[in-house]
Amino acid sequence: MIKKKDKIFLAGHRGLVGSSILQELKKQNYQNILVANRKNLDLFNQKKVYSFLKKHKPKIVIIAAARVGGIKANNTYRADFIRENLEIQNNLIHGSYLSGVKKVIFLGSSCVYPKKCKVPIKEEFLLSGKLENTNEPYAIAKIAGIKMCESYNLQYKTNYLCLMPCNTFGPNDNYHEHDSHFLPAILRKIFKCEENGKKTLNLWGTGKPMREVIYVKDLANAVVYFMNKKVNHSLINIGSNNHYSIKKYANLIIKILNKNLKVKVDNNKKIDGTMKKKLDTSLAKSYGWESKYSFKESILETYKNLKKFKYNAKF
């Protein structure tokens, strides 16, 4: 159990997931949360990361820092995605070990599982088949992080846990036209249609791929929950009950936001990616955790946040 005054280092506190974890920690009255922006700590600099962790000696390190993006960004900046994510996680995981950190929580992504995985996807399916090509470099980096934590647990008897969430969305998301994930991209397009008086929402791909999404506040809650939970596993899936085709998500969101729009797809099968992706969350449930936020509530909060960030560079 992590005490309220124990020092917690949260890496990546400004991102979608990290900012929500920070809010959740504060909400639960954790009083000694350590954060650092890029100016104060360059996570690519091994020497500085090691020095930072040795100096501050946090009891727990939460790794929410990562280079992330949608299908187009992953496929375009392949070298950047594998290099940057490997450097960040290697520095933080090994630096934590050198500094005697008691517990590490490493956040990954459901894309670590094979493209043609049996659904729902169990943790044991990791490395059982070929990855989806469009995000393979990112997935390989995250798999390396999972195996690094697992190996440290086996060799050094550490307590490092990897949480694998499905597609995450919420306030402080990336709404960039080309670099965002599909759900914030849909929200952005709805906003643009409203702003420009258009009646058609155009989607990339066929709209047929099935995706599971989780509200970022649910994921943040899971992080803090498992931070305080003794587990016998190094990898746990974190998911929700939201599992629809991309086209159905678009129509559901249009209905929730009460917009008068028709959905049109460009039928480009090359950018569909994995056709079905749904996590098996029975392990998380066996430890007592389940998602709780409704999809409607989550979409309304996220869309409200998007409108605030209309002139943000990420938009």
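What follows is calculated from the coordinates using simple rules that are stated; it is not laboratory data. Since we're looking at a predicted model, the values are computed, not measured. Neighbour counts run over all protein chains shown; Cβ positions are idealised from the backbone, glycine included.
Values for this structure:
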{"quantity": "Value of [θ]222 nm, deg cm²/dmol, for the chain, DSSP H segments ≥ 4, -39500 (n - 2.57) each, nearest 500", "calculated": "-13000 deg cm²/dmol"}
{"quantity": "Electrostatic dipole magnitude of region 142-281 [Cβ: Lys, Arg +1; Asp, Glu -1; Cα centre; debye, to 20]", "calculated": "480 debye"}
{"quantity": "Contact order normalised by residue count of the chain, Cα under 8 Å, 6+ apart, percent", "calculated": "20 percent"}
{"quantity": "Magnitude of the charge dipole, the chain, Cβ model with Lys/Arg +1 and Asp/Glu -1, debye to 20", "calculated": "460 debye"}
{"quantity": "In degrees, nearest ten, helix 136-156 long axis to first principal axis of the chain (Cα)", "calculated": "30 degrees"}
{"quantity": "3J(HN,Hα) from dihedral phi, region 199-205, Karplus parametrisation 6.51/-1.76/1.60, rounded to Hz, x for glycine, proline", "calculated": "10, 10, 9, 8, 10, 6, x"}
{"quantity": "C-alpha center-to-center spacing [region 180-235, region 118-148] in angstrom", "calculated": "19 Å"}
{"quantity": "Extreme residue, positive dipole direction of the chain, given options ASN85, LEU306, ILE246 (C-beta unit charges)", "calculated": "LEU306"}
{"quantity": "Over region 1-51, volume per residue of the alpha carbon convex hull, in Å³", "calculated": "90 Å³"}
{"quantity": "17 Å Cα-Cα reach of LYS192 towards aspartates and glutamates, excluding residues that sit fewer than 8 places from it in its own chain", "calculated": "ASP173, GLU177, ASP179"}
{"quantity": "Gap separating the Cα centres of region 40-113 and region 243-315, nearest whole Å", "calculated": "26 Å"}
{"quantity": "Cα long-axis angle, helix 46-56 against the chain (0 to 90 degrees, to the nearest 10)", "calculated": "60 degrees"}
{"quantity": "Rounded if a/c under 1.5, otherwise prolate or oblate - region 195-315, Cα gyration tensor axes", "calculated": "prolate"}
{"quantity": "Kirkwood-based shape ratio for region 8-308, expressed as Rg/Rh from alpha carbons", "calculated": "0.96"}
{"quantity": "Neighbour-count ranking [beta-carbon atoms within 10 angstrom, fewest first] of THR281, THR274", "calculated": "THR274, THR281"}
{"quantity": "When region 30-69 is reduced to its Cα atoms, the Kirkwood hydrodynamic radius in Å", "calculated": "11.4 Å"}
